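In what follows, a structure is listed as structure tokens, so that the remarks can point back to it.
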Amino acid sequence: MPEIEGYKVVPLRVTPDAEYCHSVYMKEHFIRLMDPNKPKGRTLFLLNVPPYVTEKSLETFFEQVGPVVSVLFAQKAGRDEDQKWMQKVTEFSNAEAPFTFKVAYVVFKNSNSVSRALEVKSIDLFSPTSKESYIVTGMQLWHTQYKDRILDVDKTHAYIDEYMAAYDEREREAAEAAKTTEADADGWVTVGKRGNNAGFEQSEGIIGKIEEKMEKSKKKKELTNFYTFQIRESKMKNIVELRKKFEEDKKKIETLKQTRRFRPF
């Protein structure tokens, strides 16, 4: 088979008698940055994979050359592109993986399987014995896609019940951990009155002292006489206090005069 810029070009057949086939480009996957999901020496890279090809069909075919660990799809080549392929697909939505041409990564268990995979003459997505195709195409594919868009009510109910049961279990464990003052997943400890270290009693007097201390600390951190309006207000406040003190002194003098104990000399 021909090679183009390091790629081996092979036809992809879905039936034994297919006359016109898509061409798939294959080579051993290699990048400078290590990727645990696509290990060096055990990963085959495929380009121009048709939309109707599934992970299961490729896995079934390449199992003939060696044990397959996983098959990953991506919109384009890149380190983390395979993680974006199914990121919008959830159990409670009709979102599907993009139906478009894509790239594929076939991860083998053994390193010699990659060289054996590059020796194949064609990628035949059908059974070698029964000749039955591994994938569905045409009207059957459209019918299958339409049915998949309709949520199964029983399956959805079962999924919700399972999710809520797991949620209730997590909440129960969190409540038990709070009672025993154990650290949660984020490292926080709920302080209570149980155990050897019961903490202090949060009475109104203690709470009041704590709030007063926090208020004093807050005032210390505030900037005084920094802005123009603060300087102006400080001066006005000082004048008011001086006037108040002057009036208080006048009253004291009057009181002393009345009691005849005023001796200025």
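What follows is calculated from the coordinates using simple rules that are stated; it is not laboratory data. Note that this is a predicted model, so its numbers are computed, not measured. Counting neighbours? That spans all protein chains shown, and the Cβs are built from the backbone with ideal geometry, glycine included.
Miscellaneous remarks
- For the stretch 34-180, the equivalent ellipsoid derived from the alpha-carbon gyration tensor has semi-axes of 35, 23, 15 Å in decreasing order.
- Working value for the stretch 90-160: equivalent-ellipsoid semi-axes of 32, 18, 13 Å, each the square root of 5 times a Cα gyration tensor eigenvalue, largest first.
- Between the stretch 227-259 and the stretch 121-155, the Cα center-to-center distance that results, in Å: 93
- Loop-located trypsin sites (Lys or Arg not before Pro) in the stretch 37-89 (DSSP state not H, G, I, E or B) with no more than 10 neighbouring Cβ atoms inside 10 Å: LYS76.
- Taking amide H as placed 1.01 Å from N in the peptide plane, the amide H of LYS40 sits under 5 Å from that of ASP35, each at least 5 places away or on another chain.
- Nearby aspartates and glutamates by direct alpha-carbon distance to LYS109 (threshold 13 angstrom, same-chain neighbours under 8 apart not counted): GLU59, GLU63
- Pairs exceeding a 30 Å alpha-carbon distance, out of LYS56/LYS147; LYS27/LYS131; LYS216/LYS244; LYS235/LYS257; LYS40/LYS147: LYS235/LYS257; LYS40/LYS147.
- Taking every Cα-Cα distance in the stretch 1-44 and sorting them into 5 Å bins starting at zero, the pair-distance distribution P(r) comes out as 5, 20, 19, 16, 16, 13, 7, 3, 1 percent.
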